[in-house]
Amino acid sequence: MSPANQSPSAKDLPLTRLLPNTLTLFALCSGLTGIRYALQDQWEYSIIAILTAAVFDVLDGRVARMLSMSSKFGAELDSLSDTVAFGVAPGFIMYEWMLKDAGGIGWIAVLVFAACCALRLARFNTMLDDHNVPAWAKRYFTGVPAPAGACLGLLPLAFFLEFGAVAPLIPVACAVWMLMVGSLMVSRLPTFALKGWRIERLWVAPLFASVVALVAGLITNTWLTYSGAGILYVLAMPVSWYSYRARSKVEGR
C-alpha cells in the first residue's frame with residue numbers, strides 16, 4: 001500500500017483539535033506580555049495585553065464547545081493560564097505602577113489578589129462536576145469571573161491614563177481596591193453570565209448597536225470607555241444579585 005493510501009494513525013490528531021489549547025496559550029502569553037510592558041512603564045500596552053488575554057480566554061472555550069473538543073486537559077490548562085494572566089499579571093502591573101509605594105500592604109494586596117483568582121478558578125472547576133445545578137442558575141457566575149476581576153483590578157490605572165494627575169490616586173487606596181476585587185472573585189455573589197441567556201428578536205438590533213458602540217468607544221476613547229464599562233459592571237452587581245434571588249424564589253430554591 002502506498003503512503004498516500006495509508007489511513008491516518010490512531011495517534012494522529014487533526015489540527016483543529018489543537019486550536020482551543022492554542023488560544024489558551026495565546027491568553028497566557030498575552031498576560032505575561034502585560035508584565036513585560038509594565039517593566040518598561042508602558043502602562044497602556046499592559047492593559048491592552050490583559051484585555052487581549054481576556055478575548056482569547058472567551059474564544060478558547062467557545063471554540064472548544066463549537067468543535068466538541070472540550071477535554072480535562074484543556075480545562076486544566078485554561079485554569080493555569082487564567083491564574084497567570086488574570087491573577088499574577090494584573091497584580092504585578094499594579095504593583096509596578098502604584099502598589100510598591102504602599103509598602104507592605106501593597107505587596108499583600110498583590111498576593112491576596114493572585115490567591116483569590118486561583119481559588120476562584122479552583123472552585124469553578126469543582127462546580128463543573130455538580131450536575132444538580134438547575135439550568136437557570138447557569139446564567140450566573142458565582143463571584144466575579146477571573147477576566148472581569150483582572151479588568152476591575154486595573155481600573156485605577158485606567159482612571160489615571162484618562163484623567164492623569166487630576167485623578168486623586170493614593171497607593172493605599174489602590175491596595176484596598178485590589179483586596180476588594182479579590183474578595184469579589186471568591187465571594188458567593190451571583191454575577192451575570194452571557195451563556196444561558198436568550199434574547200428576544202426585538203432586542204437583537206439594539207444589542208448589536210451597543211456592541212458596536214462599545215468597540216468604537218474603546219478604539220476612539222479607550223480609557224474613558226474602559227473606565228465607564230468597569231463602573232457599569234460594578235453597578236450591575238446588585239442587579240444580578242436581585243435577579244438571582246428573585247429567580248431562586250420562583251424556582252423554590
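For region 89-154, the solvent-accessible area with a 1.4 angstrom probe is 42 square angstrom per residue.
What helices in the chain pass both tests, a Cα length along the helix axis of 15 Å or more and a mean Kyte hydropathy of 0.0 or higher, using whole DSSP H runs?
Working: long enough: 19-39 (30 Å, 1.03); 43-66 (35 Å, 0.92); 72-83 (17 Å, -0.41); 104-127 (34 Å, 1.48); 171-186 (23 Å, 2.03); 204-220 (24 Å, 2.31); 222-251 (41 Å, 0.18).
Qualifying helices, which must be both long enough and hydrophobic enough, are 19-39, 43-66, 104-127, 171-186, 204-220, 222-251.
Across the accessible surface of region 186-253, with the other protein chains kept in place and a 1.4 Å probe, carbon and sulfur atoms take up 70 percent.
From the coordinates of this entry, P(r) over Cα pairs in 10 Å bins from 0, in percent is computed, and it appears in [x] 6, 25, 29, 23, 12, 4, 1, 0; [y] 7, 30, 35, 22, 6, 0; [z] 7, 26, 34, 21, 8, 3, 1, 0 under the label [z].
Could you look at region 65-169 and say what percent of its accessible area is carbon and sulfur, using a 1.4 Å probe and all protein chains?
Carbon and sulfur: 67 percent of the exposed surface of region 65-169.
Full extension of the chain between Arg62 and Ser183 yields a length gain of 40.8 nm, computed as 0.36 nm times the residue separation minus the alpha carbon distance.
For a test of the definition: using alpha carbon positions, the gyration tensor, and the 1.5 limit on a/c, classify region 177-227 as rounded, prolate or oblate. Show your work: numbers first, answer last.
Details: a/c = 4.86, a/b = 1.27, b/c = 3.84.
Oblate.
Taking a ≥ b ≥ c as the square roots of the eigenvalues of the alpha carbon gyration tensor, region 168-253 is oblate, as a/c is not under 1.5 and a/b does not beat b/c. Region 201-253 and region 57-105 have Cα centres spaced 22 Å apart.
Computed extension length for Val211-Lys100: 36.3 nm, one decimal, from 0.36 nm per residue of separation with the Cα-Cα distance subtracted.
The values are calculated or read from the model by the stated rules, or taken from the named source; none is laboratory data. Quick caveat: nothing in here was measured; it's all calculated off a predicted structure. Note: accessible area is taken over every heavy atom of the protein model, side chains too, but ligands, DNA and RNA are not part of it. Shrake-Rupley method; radii C 1.70, N 1.55, O 1.52, S 1.80 Å.
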